[in-house]
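*Asks:* Let me begin by handing over the structure; questions about it come next.
Values quoted throughout were computed directly from the atomic coordinates according to the rules given, and no laboratory measurement underlies them. Model, not experiment: these values are computed from the prediction. In this analysis, Cβ positions are derived from the backbone assuming ideal geometry, glycine residues included, and neighbour counts consider all displayed protein chains.
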Amino acid sequence: MLKDRQDTATAVKQETTRELKQRLALGRDLAIRLRGAVKAAIGPRSELLKRFGMAPLRKREKPPEESSPEEKPPENPGPTTPPAGGSKPEVVP
């Protein structure tokens, strides 16, 4: 008698789990369709998409322009040695 109840409970649990997985899959599919409909109605670049938790399409930012060579320090100045009598270091070629 208890074994029958246990088997019935196991079967109900498995059926419930299967139904839950199906409904979750259906919910995901419907959410994808809904997001697509919202983007189609509002526009993929509209900032209003943020109200629905979606990121609008935006143009890429331009990389910062590099400064002119006069303003840019040398990339590899080389080793320096202490000066013999002055206060500025001397670059050794």
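*Asks:* Which FRET efficiency value, to the nearest 0.05, do you get for Glu19 and Ser46 by plugging their Cβ-Cβ distance into 1/(1 + (r/R0)^6) with R0 = 41 Å?
*Replies:* So, using R0 = 41 Å, E works out to roughly 0.65.
*Asks:* Let me ask you something else. For region 27-39, in order, what is each residue's ³J(HN,Hα) by Karplus, 6.51 cos²θ - 1.76 cosθ + 1.60 with θ = phi - 60°, in whole Hz (x at glycine and Pro)?
*Replies:* x, 5, 4, 5, 5, 4, 5, 5, 4, x, 5, 5, 5
*Asks:* Now, a different point. If R₀ is 22 angstrom, what is the calculated FRET efficiency for the pair Ala37 and Lys62, using the beta carbon separation as r and rounding to 0.05?
*Replies:* After rounding to 0.05, the efficiency reads 0.10.
*Asks:* I want the local charge near Lys50. Using Cβ-Cβ distances under 15 Å, sum +1 for each Lys or Arg and -1 for each Asp or Glu among the other residues.
*Replies:* It works out to a net charge of +4.
*Asks:* Do me a favour and compute the ellipsoid semi-axes for region 1-57 from its Cα gyration tensor, root of five times each eigenvalue, largest one first, whole Å.
*Replies:* 45, 9, 5
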